[in-house]
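Novice: First the structure, then my questions, so here it is.
Throughout, read-outs are computed from the coordinates displayed, never taken from laboratory work. All of these numbers come straight from a predicted model, not from anything done at the bench. With ideal geometry, Cβ positions are generated from the backbone for all residues, glycine too; neighbour counts draw on all protein chains shown.
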Amino acid sequence: MISNKIEGRRDLALRLSGITKRFGTLSANDNVDLSLHKGEVVALLGENGAGKTTLMNILFGHYLADQGEIEVFGKSIPKGDPRAALDSGIGMVHQHFALVEEMNVLENIVLGTENLLAIKSQKNTARERIRDLSSSVGLDVNPDAIVGSLSVGEKQRVEILKALYRGARILILDEPTAVLTPFEAEKLFATLKVLVSEGLSAIFISHKLNEAMEISDRVVVLRKGRVVGEKITRDSNPEELTSLMVGAEIETPEISAPVLGEVALDLENISTNIPEMRINLRNVSLSLNCGEITGLAGVSGNGQAALASLISGTTQVKEGTMRIFGEIPERWSPKVAVSKSIARIPEDRLHTGMIGDMSVVENIISEKYWTDRFSRFGFLTRQASEDFSHEVIKNYDVKCPSIETPVRLLSGGNIQKLILGRVLDESPLIILANQPTRGLDVGAVAYVHGQLLKARDRGAAILLISDDLEEILQISDRISVISNGRLSKITRRGELGVKELGALMTRHVPSSERLNDAT
Amino acid sequence: MEALEILLSASFWIATIRIASPLIFATMGELLCERAGVLNLGIEGIMTAGAFAGWYTVYAGGDLWLGVAVAALTGMMFGLIHGFLTVPLGLSQHVTGIGTTLLATSITYFIYRVLLPQETSPPKIDPFAPLPIPFLSEIPLIGQALFAQTPLTYLAFILVGTIAWILNRTPAGTAIRAVGENPAAVESQGISVTLVRMSAVAVGSALMAVGGAFLTMSAFNSFFFEMINGRGWVCIALVVFGSWKPGKALLGAILFAAFDAYQVRLQSVVGNVVPYQVFLMMPYVLSILALIVMSRRAGYPKALMIPYLKGER
């Protein structure tokens with residue numbers, strides 16, 4: 001049955017051709033082609049940041065593509081217009097639901113389907129239609145319930161109903177199971193199968209292999225914004241798809257053997273309790289030695305943020321012990337962390353790394369302006385900060401018009417070099433490098449890696465957090481995987497390959513724990 | 001004892017409703033803007049412009065209702081300026097709103113001086129006359145207050161019901177509430193967030209201007225500088241007081257007006273022992289107290305003051 005659909009190229013529902021989208025210098029999508037046939041489920045597979053969501057947002061008109069064509073049922077649709085996408089029969093179930101929590105289910109579904117100048121909403125008619133629709137496809141929701149009071153599973157059903165109510169014939173589901181319990185996920189799959197058997201086509205976005213294998217007829221793999229593979233699901237296997245997702249076996253460059261020094265940072269059975277984070281650390285033990293790079297791999301959102309926050313001093317330990325060169329710090333704050341020679345290369349360079357509207361020189365001293373070096377009797381010593389800025393700019397090859405330029409005007413790579421210079425020029429003993437090369441081009445990546453290796457050879461203890469597995473494999477001396485707030489066993493360089501690490505990253509989490517995380 | 005007798009006089013209740021009327025118009029206008037997610041601090045200036053535009057139309061020979069229409073259009077124009085800067089351009093709503101107030105007020109005073117350079121005391125017009133409703137206006141105590149007012153006051157009360165109906169019963173109202181809560185949801189349903197917000201701000205500003213026009217065309221009969229005198233700011237507070245609901249906001253407006261009407265009358269009773277400034281202060285102090293009590297759990301629109309720029313990452 002499936003092969004007929006694939007081979008009979010007649011019933012094309014959707015075709016994207018040559019889609020390119022750039023955010024600044026980052027290519028989120030690079031010349032992507034994608035097709036979908038009637039009654040077919042295509043899984044769009046890829047790691048975080050591979051460009052899946054961007055592609056679908058372009059299809060749905062939320063983003064305007066820089067280049068490319070969108071054709072739905074043979075007709076080209078205007079770009080950047082959600083209304084046109086809806087009218088052509090595309091329905092989207094967003095990963096972060098596009099629902100108004102304060103309104104009821106009915107209002108959410110009907111929104112945008114009625115004439116805005118009508119004197120009265122036809123709520124009773126709509127209620128009947130929703131009831132009919134939900135019972136016919138098995139999506140059970142009370143139309144009068146306030147959306148905010150529903151469970152995530154129910155909210156997702158509302159999102160699907162919204163699309164069906166408008167007569168969608170192509171359904172795009174963006175990471176639909178990310179928020180669901182396994183039981184709810186099974187129900188979703190059952191519903192999808194019913195809908196597809198009735199002629200609906202679907203694109204299923206995921207980074208979970210087992211789901212893609214279960215639900216799809218065909219898999220398209222995205223990596224770094226490009227389509228890197230397209231496979232008929234039943235002719236493929238998880239191993240093949242994994243290596244497509246994370247890249248072919250990566251060559252690990254020869255790096256000199258580490259010369260281990262004393263233990264710099266020691267975490268013992270640490271748990272955190274940061275309310276605003278979905279995943280906290282749970283009983284994490286990790287010790288970093290001087291002269292070594294420890295790579296922490298993992299799908300982002302698995303507790304990396306909590307760990308980074310702890311080490312940089314913005315979070316307190318809830319349970320467990322943290323020692324820095326054998327001492328337990330009495331107070332723990334970002335200022336204490338800086339004074340303990342902890343260098344921070346933050347994940348989001350313009351958000352928590354630099355202050356975009358302030359000048360290069362102000363940013364360069366922003367972590368240490370209060371030290372004797374940069375201020376005297378509460379006044380900044382201008383000369384010292386200017387000298388230091390020029391030194392950083394020269395040593396770290398930062399391209400900027402002047403030290404008075406606001407940082408936001410620099411390119412991502414140059415901002416990252418400034419951050420590196422700011423912290424590395426002081427020869428710190430502990431370096432927290434959180435996604436140090438995210439969004440950088442190849443040259444800048446190599447530069448950052450070179451600097452980190454140099455710091456290691458000088459005797460610094462480095463924790464490299466990255467969701468780019470390639471990066472972890474290239475420069476780490478030892479590797480651990482973080483998943484759901486826990487660390488895996490630490491392995492030496494070269495012990496595990498991409499596949500094994502990939503499996504650790506996306507391993508199935510027992511259902512009881514997933515339920516806990518959802519709350 | 002005399003202080004309590006004030007509450008039993010018909011004139012107190014008549015004054016209360018009259019003082020409340022401009023507040024009702026402007027509060028409904030502000031409420032509409034804020035439900036769509038746009039704070040409109042241009043209110044004070046827009047009321048000033050409306051007060052002048054309506055009054056001058058009549059002074060120049062226009063019909064009273066034409067004056068109301070001109071006031072509404074003037075308000076709408078300033079609303080579109082505020083809306084354009086804050087919605088598609090996404091500028092700070094606070095700063096833009098204060099700018100709009102300064103702009104509208106100054107332009108109004110300027111035009112007044114250009115059009116009427118010679119006048120030392122402001123010229124008068126024939127304002128809206130009371131329109132007593134037979135039988136109902138005979139009811140003791142409140143009959144005169146509710147049913148012997150000018151047509152604009154009746155319109156203010158009808159407006160509250162209309163706004164409530166629009167917000168809760170019409171597709172447009174659903175869209176307005178939705179852009180105030182989660183604009184992304186509205187866009188994903190194919191409605192333009194910009195269109196909805198701009199329309200709400202334009203209509204809301206028109207209502208504010210009519211509120212201003214009430215002062216020159218119904219409560220008084222001429223225009224003078226500083227006549228809005230902070231009423232716009234009071235309306236901002238009334239929207240919060242009413243938890244962004246038209247009915248509760250109406251109650252708030254009446255309550256504030258009652259304090260105001262009461263203090264004037266109280267002055268003549270105990271004015272010889274208490275300085276009159278204390279009485280002038282009373283409605284504001286009481287509003288602050290009421291706000292503290294009422295707005296603790298106020299459910300403000302989630303997207304209020306947050307610009308929505310399409311395709312932003």
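Novice: Which distance in Å, rounded to a whole number, links the C-alpha centroids of segment A:162-213 and segment A:319-380?
Specialist: Distance between centres, Cα-based: 46 Å.
Novice: Where in segment B:169-251 are there GluC sites (Glu not before Pro) that are in a DSSP coil and have at most 16 other Cβ atoms within 10 angstrom of their Cβ?
Specialist: Sparse-neighbourhood loop GluC sites (Glu not before Pro): B:Glu226.
Novice: Let me ask something else. Please determine, in degrees from 0 to 90 and to the nearest 10, the orientation of helix A:182-197 with respect to the longest principal axis defined by the Cα atoms of chain A, where the helix direction is its Cα long axis.
Specialist: 40
Novice: As an exercise, take the mean of 1/r over every pair of distinct alpha carbons in segment B:163-313, invert it, and state the Kirkwood radius in angstroms.
Specialist: Computed over Cα pairs of segment B:163-313, the Kirkwood hydrodynamic radius comes out at 18.0 Å.
Novice: Which value, in debye to the nearest 20, gives the size of the charge dipole of segment A:293-395 about its Cα centre, when Lys and Arg are +1 and Asp and Glu are -1 at the Cβ?
Specialist: 200
Novice: May I pose another question? Highest mean first, what order results for A:145-157, A:478-490 on Cβ atoms within 10 Å?
Specialist: By packing density, highest mean first, the sequence is A:478-490, A:145-157.
Novice: So how long is each side of segment A:294-372 along the principal axes, counting just the alpha-carbon atoms, biggest first, in Å?
Specialist: 39, 35, 22
Novice: Placing one identical point scatterer on every Cα of segment A:14-136 and ignoring solvent, what is log10 I(q)/I(0) from the Debye formula at q = 0.17 Å⁻¹?
Specialist: Computed log10 I(q)/I(0) values: -0.99.
Novice: Report, in cubic angstrom per residue, the convex hull volume of the C-alpha atoms of segment A:119-247.
Specialist: Cα convex hull per residue, to the nearest whole number: 139 Å³.
Novice: If every alpha-carbon in segment A:358-425 counts as one equal scatterer, what log10 I(q)/I(0) does Debye give at q = 0.12, 0.18 1/Å?
Specialist: Ignoring solvent entirely, the Cα scatterers give -0.27, -0.59.
Novice: So who's got an amide H within less than 5 Å of the one on A:Leu222, skipping anything under 5 residues away but keeping other chains? H placed 1.01 Å off N, in plane.
Specialist: Amide H to amide H, under 5 Å and 5 or more residues apart or across chains, A:Leu222 pairs with A:Leu45, A:Gly46, A:Val228.
Novice: Based on other C-beta atoms within 10 Å, arrange A:Thr242, A:Thr437 from fewest to most.
Specialist: A:Thr242, A:Thr437
Novice: Which ordering of A:Val398, A:Val219 is given by a fewest-first count of other beta-carbon atoms within 10 Å?
Specialist: Ascending Cβ contact count within 10 Å gives the list A:Val398, A:Val219.
Novice: Straight-line reach from A:Lys79: which aspartates and glutamates have Cα under 14 Å away, leaving out those fewer than 8 places along the same chain?
Specialist: A:Asp66, A:Glu69, A:Glu71, A:Asp87
Novice: Would you mind checking the tilt of helix B:246-270 against the longest principal axis of the Cα atoms of chain B, expressed as 0 to 90 degrees and rounded to 10?
Specialist: Compared with the principal axis, the helix lies near 30 degrees.
Novice: Still on this structure, please answer the following. Sorted from largest to smallest, which semi-axis lengths in Å does the alpha carbon gyration tensor of the protein assembly as shown give for its equivalent ellipsoid, taking the root of 5 times each eigenvalue?
Specialist: After diagonalising the Cα gyration tensor, the semi-axes are 58, 37, 24 Å.
Novice: How far, in degrees from 0 to 90, does helix A:123-137 lean away from the longest principal axis of the Cα atoms of chain A, to the nearest 10?
Specialist: Taking the Cα atoms of chain A, the angle to A:123-137 is about 80 degrees.
Novice: At q = 0.19 Å⁻¹, work out log10 I(q)/I(0) for segment B:63-173 with the Debye formula, treating every Cα as an identical point scatterer and leaving solvent out; two decimals please.
Specialist: Relative scattering, expressed as log10 I(q)/I(0), comes to -1.15.
Novice: Using the C-alpha atoms of segment B:39-102, what convex hull volume per residue, in cubic angstrom, is computed?
Specialist: 63
Novice: Here is a follow-up. Per-residue mean of other chain beta-carbon atoms within 10 angstrom of the beta-carbon, peptide A:75-88?
Specialist: 2
Novice: Then there is this: Using every pair of alpha-carbon atoms in chain B, split the distances into 20 Å bins beginning at 0 and state the percent of pairs per bin, rounded to integers.
Specialist: Each 20 Å bin holds this share of Cα pairs: 33, 56, 11, 0.
Novice: Hey, how many Å between the Cα centroid of segment A:22-95 and the Cα centroid of segment B:101-177?
Specialist: Spelled out, the Cα-based centre of one part sits 50 Å from the other.
Novice: Okay, moving on. Quick one: dipole size for the protein assembly as shown, taken about the Cα centre, charges +1 on Lys/Arg Cβ and -1 on Asp/Glu Cβ, in debye to the nearest 20.
Specialist: 760
Novice: I'd like the mean, over residues of A:117-125, of how many other protein chain beta carbons sit within 10 Å of each residue's own Cβ.
Specialist: For this peptide, the per-residue mean of nearby foreign Cβ atoms is 3.
Novice: Give the span of segment B:1-124's Cα atoms along each principal axis, as three whole-Å numbers ordered largest to smallest.
Specialist: Principal extents (largest minus smallest coordinate, Cα): 57, 41, 24 Å.
Novice: Using only helices, what value at 222 nm comes out for chain A when you add -39,500 (n - 2.57) per DSSP H run of length 4 or more and divide by the total residues, to the nearest 500 deg cm²/dmol?
Specialist: -9500 deg cm²/dmol
Novice: Along the charge dipole of chain B, Cβ charges K/R +1 and D/E -1, which of B:Ala175, B:Ile236, B:Gly212 sits furthest on the positive end?
Specialist: Of the listed residues, the answer is B:Ala175.
Novice: Could you list, in their original order, any pairs among A:Lys21/A:Lys75; A:Lys52/A:Lys499; A:Lys318/A:Lys417; A:Lys224/B:Lys302; A:Lys162/A:Lys193 whose Cα atoms are separated by more than 25 Å?
Specialist: A:Lys318/A:Lys417; A:Lys224/B:Lys302
Novice: How do A:Lys394, A:Lys162, A:Lys335 line up, fewest other C-beta atoms within 10 Å first?
Specialist: A:Lys394, A:Lys335, A:Lys162
Novice: Quickly estimate the mean residue ellipticity at 222 nm for chain B, helices only: each DSSP H run with n ≥ 4 gives -39500 (n - 2.57), and the total goes over all residues, rounded to 500.
Specialist: -22500 deg cm²/dmol
Novice: Here is a follow-up. Would you work out which of A:Pro406, A:Ile203, B:Pro151 lies farthest towards the positive end of the dipole of the protein assembly as shown, given +1 charges on the beta-carbon of Lys and Arg and -1 on that of Asp and Glu, about the Cα centre?
Specialist: B:Pro151
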